[in-house]
Amino acid sequence: MKVIPAIDLMDGQVVRLYKGDPNQKTIYSNNPVEVAKKWQSNGADMLHLVDLDATLSRGSNLLIIKKIVEQISIPIQIAGGLRDESTITDVSKICNRIVLGTLAFKDKLTLKKLLEHLGPEKIVISVDH
């Protein structure tokens with residue numbers, strides 16, 4: 001069994017959305033790096049980081065994600081708003097895996113290029129319902 005906690009990021013905070021509604025969020029922490037360190041120290045096998053601002057096309061938490069990557073040693077997969085080849089390629093350089101949703105279903109040509117360039121072990125396809 002693997003333990004892979006998710007850290008959802010919005011406005012630089014660790015949050016959970018109620019039914020995916022950004023106007024109905026619970027803020028769990030203003031310090032995502034410390035939350036990541038806590039998960040690591042509690043034995044997580046990997047972290048799943050989700051950039052909700054990028055998902056909603058309202059910003060980016062990439063600087064915070066980079067800080068987390070720099071300060072923990074367990075593997076990381078990154079999700080949220082990864083919709084173009086350039087961004088995906090850049091983000092893939094700082095993590096173990098990237099998680100693709102929309103792009104995987106809407107742009108099969110780009111997905112094929114990414115699979116050839118990054119390899120299938122670097123890409124996870126996610127279907128959220």
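The values are calculated or read from the model by the stated rules, or taken from the named source; none is laboratory data. Quick caveat, the model's predicted, so the values are computed rather than measured. Quick reminder, even Gly has a Cβ in these numbers, built from the backbone with ideal geometry, and neighbours come from all protein chains shown. The accessibility values were calculated without ligands, DNA or RNA, using every heavy atom of the protein model including side chains. Shrake-Rupley method; radii C 1.70, N 1.55, O 1.52, S 1.80 Å.
Assorted remarks:
- Scanning segment 8-25 for residues that are over 13 Å from the mean Cα position of the chain (by Cα) and assigned to a strand (DSSP E or B) turns up Gln13, Val15, Arg16, Leu17, Tyr18, Asp21, Pro22, Asn23, Gln24, Lys25.
- Of the strands (runs of 3 or more DSSP E) lying entirely inside segment 64-129, the ones with 1 or more residues being open to solvent by 30 Å² or more (accessible area, probe 1.4 Å) and modelled with pLDDT of 95 or more are found at 97-100, 123-125.
- Flag for Ser86 being touching a Leu at 6+ places or on another chain (Cβ under 7 Å) and hydroxyl-bearing (Ser, Thr, Tyr): no
- Within this structure, Leu49 fails the test of being part of a loop (DSSP other than H, G, I, E, B), of a type in the set (A, V, I, L, M, F, W, C) and buried (at least 20 other Cβ atoms within 10 Å of the Cβ).
- Looking across Ala44, Ala54, one residue alone is part of a loop (DSSP other than H, G, I, E, B), touching a residue at least 24 places away in the same chain (Cβ under 8 Å) and surrounded by 13 or more Cβ atoms within 10 Å (Cβ to Cβ). It is Ala44.
- Of all residues in segment 26-41, those that are open to solvent by less than 40 Å² (accessible area, probe 1.4 Å) and either outside any strand (DSSP E or B) or touching a Pro at 6+ places or on another chain (Cβ under 6 Å) (or both) total 4.
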